[in-house]
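See below for the structure under consideration.
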Amino acid sequence: MRSPGADPRAYRPVAATIASPQAASRAEPRPEPDPKPEPKAAPAHEEAPKSAGTGRGGNADADARREGDRLARRAEAAFDRLYERTAGDLLRQAEVLTGDLAVARRAVAYAFDMAWQRWPEVARDSDPVGWVRAAVHDYALSPWQRWLPGSRAHPLRPCSPLETALLELPPGHRRALLLYDGLGLDLPEAAVENEATTATMAARIMHAREEIVMAAPDLLEPDGADLPARLGALLDVGPDAEPPERPAGVRDASERGVRNRTLGAYALTGLIALVTLVAVLTTGAGGGAGTHRSGHHGSGSGHARGSDAPEDAAGPGNATGPGNAAGRPPFGEPGPGRAAVTRAAVAR
């Protein structure tokens, strides 16, 4: 190992004798390779591969759009089939429940509007027909229906005695009887759709049957055994029944309603913000003006009091002035004593 103070030239002969010819040949300097030629600029027609990634991304976006359009068309087709298959039957059920065709139309329109807004949820439901039917019945039997504009205080009395007897029942019993005896649902299914326990649903059905038989004794058997058949015939609209509206019109109305409600919410929020801002600015301006006016009045009154002081000192109220009719002495000077005043009065 080389020491720090040694001459580096002393190690060269030793290194030369130890080194083999192969090492010496490796130690010889090699010529540097020629520099690589610079790449030539590619012609304009050869620049297409640079945008290959962009092309793949564009194809992916186009594929995603096509897939979204395909899913949207499938959803629209499924909704249209559901509406065409069930809208007529649901309209008849709502009419039987309420006795009012206008309320029944509103109930069906509302239910399918909600179904289209929540279509992924409805499509994944085990019973989409039951989902929409529950929405129709809930809306039709809502107690606030009679407060809507154009609603009747009392439903129209139908010509059928069975319909009249049904309308005499409480809404919960009416709905339970329609689901169980009219539509043929099982007791657990009817209880779930009516949001009641199985025992409560059974009690409602029994009471509704008794009241129906008592209301129409000439129409039904004493035990009510023919009630399901009669209710089924009452609810049957036939295979050729047309839906109240076109499915595309229902979807368009639902989407238009969503847009209008969204714009209305934004407009209301902006209006509230504007009113709040105006109120804040008005309150701040009013408070500043009131403070300025009170300070101005205070300085004016003080100036008036200060200017009145000399007048009080040398004015009519002064004893030395001509206006002192009572002859009162100036402030701070002693007046005549009681004895002097008495003597003056005796002398007169």
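The values are calculated or read from the model by the stated rules, or taken from the named source; none is laboratory data. For clarity, every value in this text was computed on a predicted model and none was experimentally measured. Counting neighbours? That spans all protein chains shown, and the Cβs are built from the backbone with ideal geometry, glycine included.
Numbers at a glance
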{"quantity": "Near pairs, Cβ below 8 angstrom, 6+ apart or cross-chain, from the range 258-284 (hydrophobic (A, V, I, L, M, F, W, C)) to any residue that is modelled with pLDDT of 90 or more", "calculated": "Val258/Gln117"}
{"quantity": "Criterion (part of a loop (DSSP other than H, G, I, E, B) and at pLDDT 85 or above) met by exactly one of Gly184, Gly270", "calculated": "Gly184"}
{"quantity": "Selection count, the range 93-129, where residues are assigned to a helix (DSSP H, G or I), buried (at least 18 other Cβ atoms within 10 Å of the Cβ) and not aliphatic (A, V, I, L, M)", "calculated": "9"}
{"quantity": "One residue from Ala77, Ala140, Ala153 being among the aliphatic types (A, V, I, L, M), over 21 Å from Pro171 (Cβ atoms) and modelled with pLDDT under 95", "calculated": "Ala77"}
